[in-house]
Amino acid sequence: MEEFLRPNETSEQFYARCTNLTAFDCSEDEMLWCIMGPRRLPLTRIVPITVALLLICLTGVAGNVAVCVVIVRHPAMRSDTNYYLFSLALSDLLLLLFGESSAGAAADLPHDDRLRFQCPALQFAKFSVSSTSIISS
């Protein structure tokens, strides 16, 4: 933030300068920093985010693989309902493998690239699959 402060300007004055609509005096970079924060997250925030996403991804993959293996290996588990659960587990597995891995990689990108990195179609797929899973069950 110090790179955006003018001589003898405090952080409160900086925020007032960038948020006051009647006396707006901010560059595009200053406005982006004021609204979205620093271009890169500090390492103290990237590491916990990465660890949390990794745990979510690994737990989800293990659970969905276990569901698929149980349904395939045990003939007594082959019913219409369990085929539906198999389909849901498979779609969750694909979204975990292809969707969450990109979310972890995007945490270290600058904020203007972070929005372009995560494909809007993938975000829509995540939303629609989870919504459809909730509605249909």
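Filtered by the rule that a residue be without any contact (Cβ under 8 Å) to a residue 12 or more places away in the chain and small (Gly, Ala, Ser), segment 33-62 gives Ala52, Ala62.
Quick check on this structure: which one of Ala66, Ala76 is surrounded by fewer than 11 Cβ atoms within 10 Å (Cβ to Cβ) and part of a helix (DSSP H, G or I)?
Of Ala66, Ala76, the one residue that is surrounded by fewer than 11 Cβ atoms within 10 Å (Cβ to Cβ) and part of a helix (DSSP H, G or I) is Ala76.
Residue count for segment 1-22, restricted to those that are under 29 Å from the mean Cα position of the chain (by Cα) and exposed (fewer than 10 other Cβ atoms within 10 Å of the Cβ): 2.
One line per residue, one yes/no per condition, for (1) within 15 Å of the chain's Cα centre (by Cα); (2) farther than 20 Å from Leu97 by Cα; (3) assigned by TED's automatic domain parsing to the domain that holds Phe86; (4) modelled with pLDDT of 80 or more:
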position	(1), (2), (3), (4)
Glu28	no, yes, no, no
Leu32	no, yes, no, no
Val47	yes, no, yes, yes
Leu55	yes, no, yes, yes
Val61	no, no, yes, yes
Asn64	no, no, yes, yes
Val67	no, no, yes, yes
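The values are calculated or read from the model by the stated rules, or taken from the named source; none is laboratory data. These figures come from a predicted structure and were not determined experimentally. Neighbour counts are summed over all protein chains in view; Cβ atoms, including those assigned to glycine, are modelled from backbone coordinates with ideal geometry.
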